[in-house]
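Let me begin by presenting the structure, written as structure tokens, before commenting on it.
The values are calculated or read from the model by the stated rules, or taken from the named source; none is laboratory data. Small disclaimer: the values here were computed from a predicted structure and weren't measured. Ideal geometry is used to build each Cβ from the backbone, glycine not excepted, and the neighbour counts take in all protein chains shown. All accessible areas refer to the heavy atoms of the entire protein, side chains included, with ligands and DNA or RNA removed. Shrake-Rupley method; radii C 1.70, N 1.55, O 1.52, S 1.80 Å.
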Amino acid sequence: KNNDLNNAKTALESAKAVDANQSAIYNNLGVIDLANGDTNAAKEDLGKAKNLGSDEAGYNLGVINIREGEYAKAVANFGQTPTFNKSLAELLNKNTSGASSTIDAVESEDGWVDYLKAIVAAKNNNEDGVISNLKSAFKKNADLKEYAKLDVEFIRYFEEDSFKAI
């Protein structure tokens, strides 16, 4: 919490010496490894945590999988809980129907959720969905307008009056 990663890692290593079968220890070590830029160590620690039953470690592995372009692995690691990142991984894995049902189940006031819904709508050639979701995204986060203006996901809508209006 205090961003003192070195002392946190030392404390976690001490905890591991006491009981090496706690998934939370490996999950937190993996998060620290990732924060320190050591993706390989992060994957190793998070893998141990996942094998010890940590859903959170699976989620963290899924984030790494997205970064590495391993979208099917990411979807599997994210599990059954609908999240923004799971929907993103499904979309990147070319599963637009899965991405749509996942993102529709996400409850959030974050404009990025509506923005991703708009991208999914664009992939499904649903102009009404694009426009309504972008409107909602912009209400929550006006900065997203700048992204949408240049986002190739919306290129076929750039000249549409309804797109221009928002």
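One table, with the values for the structure above:
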{"item": "Those residues of region 40-65 which are of a type outside the set (Gly, Ala, Ser), surrounded by 14 or more Cβ atoms within 10 Å (Cβ to Cβ) and farther than 18 Å from Gln80 by Cβ, in sequence order", "result": "Lys43, Glu44, Asp45, Leu46, Lys48, Leu52, Ile64"}
{"item": "Region 1-30 residues that are closer than 19 Å to Gly53 by Cα and open to solvent by less than 40 Å² (accessible area, probe 1.4 Å), paired with ones that are in a helix (DSSP H, G or I) and among the hydroxyl-bearing types (Ser, Thr, Tyr) (beta carbon under 9 Å, 6 or more apart)", "result": "Leu12/Tyr26"}
{"item": "Boolean, Glu70 is under 15 Å from the mean Cα position of the chain (by Cα) and among the acidic types (Asp, Glu)", "result": "yes"}
{"item": "Every residue from region 128-141 that is farther than 18 Å from Glu107 by Cβ and surrounded by fewer than 16 Cβ atoms within 10 Å (Cβ to Cβ)", "result": "Asp128, Lys135"}
